[in-house]
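**Q** What follows is a single structure, and I will ask about it in a moment.
The values are calculated or read from the model by the stated rules, or taken from the named source; none is laboratory data. All of these numbers come straight from a predicted model, not from anything done at the bench. With ideal geometry, Cβ positions are generated from the backbone for all residues, glycine too; neighbour counts draw on all protein chains shown.
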């Protein structure tokens, strides 16, 4: 999904440009004015060249990426997460047809990635970079 993923330097603010992120979850909020919250995982199109992959890092080759609606190979890093409001400030293509969704992940993979994120957050929280204004304690 197209978003403006936050940068480390300004973790509670939209980033400077559009970026494709993987929407792990979207949920309703009891705290207006934010009606929905999204948990977004960071993606990058730079190839992974290291011999080993850290826990939470998934590499998608060009063919697999195409099956998911992506135009090129990419890497998804579940160790870098953003909790953000679902607003046009964070999702500039929200009001366009399709809402900025670039592709879809099969349900079994969605469940797999959520399990990995839950495991990282509970068993290895020190590995997770938490960005976005909706994490408790994030500087605004």
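**Q** Just a yes or no: is a residue in segment 75-89 within 20 Å of residue 128 (Cα to Cα) and not in a strand (DSSP E or B)?
**A** There is no residue in segment 75-89 that is within 20 Å of residue 128 (Cα to Cα) and not in a strand (DSSP E or B).
**Q** From (1) in contact with a strand residue (DSSP E or B) (Cβ under 9 Å, 6 or more places away or on another chain); (2) surrounded by 14 or more Cβ atoms within 10 Å (Cβ to Cβ); (3) free of Cβ contacts under 8 Å to residues at least 60 places away in the same chain, pick out the condition that doesn't hold for residue 53.
**A** The failed condition is (2).
**Q** So which of 93, 72 ends up being in contact with a strand residue (DSSP E or B) (Cβ under 7 Å, 6 or more places away or on another chain) and not in a strand (DSSP E or B)?
**A** None of the others qualify; the one that does is 93.
**Q** Would you tally the residues in segment 28-47 being touching a strand residue (DSSP E or B) at 6+ places or on another chain (Cβ under 6 Å), surrounded by fewer than 17 Cβ atoms within 10 Å (Cβ to Cβ) and modelled with pLDDT of 85 or more?
**A** So the count comes out to 3.
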